[in-house]
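Sharing a structure, written as structure tokens. Questions coming.
Here, each number is a calculation from the coordinates, and none is a lab measurement. What you see is a predicted model, and the numbers here were worked out from it, not measured in a lab. Note: ideal-geometry Cβ built from the backbone for every residue, glycine included; neighbour counts use all protein chains shown.
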Amino acid sequence: MSTLSPEVISQLAEHLENAELQVHDVSKITDDYPDMDFEDAYDIQWEIRRRKEARGTKIVGMKMGLTSWAKMAQMGVEVPCYGFLADYFSCADGAVIKTSELIHPKVEAEIAFVTKAPLKGPGVHVADVIAATDFVLPAVEIIDSRYRDFKFDLKSVVADNCSSTRFVTGGRSLPVGHMDLRTTGVVMEKNGEIVELSTGAAVLGDPAASVAMLANMLGERGEEIPAGTFIMTGGVTAAVAVEAGDNITVRYHEMGSLSMRFV
């Protein structure tokens, strides 16, 4: 049940979006609004989305965050969170990414889905996701919390669009039935050294389960995942901090590799 007025929702959305666009950090919003709830947090996120769309920005996909069972237990929550992806977040494989446009970026390897049929909760499960998936492909998300020192609670990060800022796609897209995503290996290299190793099972045991959860969470707001939606399912690896001069390469079993350079 929402505790914040529409006026406060609008003010906080402007506050957080300005922090993103003007590249400066802020204190977490629950410091000033400790009684806000998750409905408030998502209302703020959706208001940020509305503000961007009103200026002509296109929403090009969705993302899931906090998709590790261990991380959820650590945070004391039972479900991950979701956010949206704006058109200017998108970067090509081999992109040069300007750290001057970011606050304190980190990168994490992900597995992305593209749908060919809509998914609407409640009641969406993994088999529904597989049937509705056109293909899967590798992706790397650059996250950049607007909160000082990357310190926040779950409600604050939901309001901040789950730290979304940039993403890189490329590699090789494959039919979802081509491989078992749970055992798909991922290796992240930073400046030529291996810094993370993982498999797809790090995402809720199966990345398809992340898509199902997104559909069911959106269903609670009367929303759905349309056909043709690009969905990042959450970090397969831990988030690795980057700065100007760093080069990141992520290699995926059977799906090729992605690279980017930070300047």
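Assuming 1.002 mPa s and 20 °C, estimate D for the range 172-254 with Stokes-Einstein, Rh taken as the Kirkwood radius over Cα pairs, in µm²/s.
My calculation gives 147 µm²/s for D.
Determine the dipole magnitude for the chain: charges of +1 sit on the beta-carbon of Lys and Arg, -1 on that of Asp and Glu, nothing else is charged, the reference point is the Cα centre, and the result goes in debye to the nearest 20.
Roughly 660 debye for the chain.
So how compact is the range 1-76: Cα radius of gyration and Dmax in angstrom?
When restricted to Cα atoms, the range 1-76 yields Rg and Dmax of 13.9, 39 Å.
A follow-up question, please. Output the relative contact order of the range 52-168, whole-number percent, from Cα pairs under 8 angstrom with separation of 6+ residues.
28 percent
Just need the relative contact order of the chain here, percent rounded to a whole number, with Cα pairs under 8 Å and 6+ apart.
Worked out over the chain, it gives 26 percent.
Taking the square root of 5 times each eigenvalue of the Cα gyration tensor, what semi-axes in Å does the equivalent ellipsoid of the range 10-166 have, largest first?
With the √(5λ) rule applied to the range 10-166, the semi-axes are 25, 20, 16 Å.
Take every Cα-Cα distance within the range 1-40, group them into 10 Å bins from 0 onward, and report for each bin the whole-number percent of pairs it holds.
In order of increasing distance, the bins hold 28, 54, 18, 0 percent.
With all pairs of different alpha carbon atoms counted, what Kirkwood hydrodynamic radius in Å does the range 224-263 show?
With all distinct Cα pairs of the range 224-263 included, I get 12.9 Å.
Which of Thr30, Ala215, Thr3 sits farthest toward the positive end of the charge dipole of the chain, with +1 on the Cβ of Lys and Arg and -1 on the Cβ of Asp and Glu?
The one lying farthest along the dipole's positive direction is Ala215.
Can you list the HN-Hα couplings for the range 189-203, worked out from phi with the Karplus curve (6.51, -1.76, 1.60; θ = phi - 60°), rounded to whole Hz and with x for Gly and Pro?
Here the 3J(HN,Hα) series is 10, 10, 6, x, 10, 5, 10, 8, 10, 6, 9, x, 5, 5, 9 Hz.
Give the range of the longest stretch in the chain that excludes all GluC sites (Glu not before Pro) found in loop regions by DSSP and having at most 12 other beta-carbon atoms within 10 Å.
Answer from the scan: 79-219.
Using the scaling law 2.2 N^0.38 Å as the reference, what is the normalised Cα Rg of the chain?
My calculation over the Cα atoms of the chain gives 0.95.
Divide by every residue of the chain the summed helix terms, -39500 (n - 2.57) for each DSSP H run of at least 4, and state the resulting mean residue ellipticity at 222 nm, rounded to the nearest 500 deg cm²/dmol.
When only DSSP H runs of four or more count, the value is -7500 deg cm²/dmol.
Still on this structure, I have one more. Could you pull out every residue, at least 5 positions away or on a different chain, whose amide H is within less than 5 Å of the one on Ala86? Hs are placed 1.01 Å off N in the peptide plane, and Pro or chain starts have none.
Long-range HN contacts for Ala86: Val60.
A follow-up question, please. Per residue of the range 161-167, in order, report the coupling 6.51 cos²θ - 1.76 cosθ + 1.60 (Karplus, θ = phi - 60°) as ³J(HN,Hα) in whole Hz, putting x for Gly and Pro.
6, 6, 6, 5, 8, 8, 8
State the percent of C-alpha pairs, over all pairs in the range 141-199, separated by a distance greater than 16 angstrom.
66 percent
Here's another thing I want to ask about it. So which helices of the chain fit the span-like rule, where a helix is a whole DSSP H run, its Cα atoms reach 20 Å or more along the axis, and its mean Kyte-Doolittle is at least 1.0?
None clear 20 Å together with a mean of 1.0.
Among 117-129, 163-175, what's the highest-first ranking by average C-beta atoms within 10 angstrom per residue?
Output ranking for 117-129, 163-175: 163-175, 117-129.
Two decimals is fine: what is log10 I(q)/I(0) at q = 0.13, 0.22, 0.26 Å⁻¹ for the range 83-162, from a Debye sum with one equal scatterer on every Cα and no solvent?
-0.58, -1.16, -1.29
Okay, moving on. If I take the Cα coordinates of the range 125-226 and project them onto the principal axes, what are the three extents in Å, biggest first?
For the range 125-226, the Cα spread along each principal axis is 44, 42, 22 Å.
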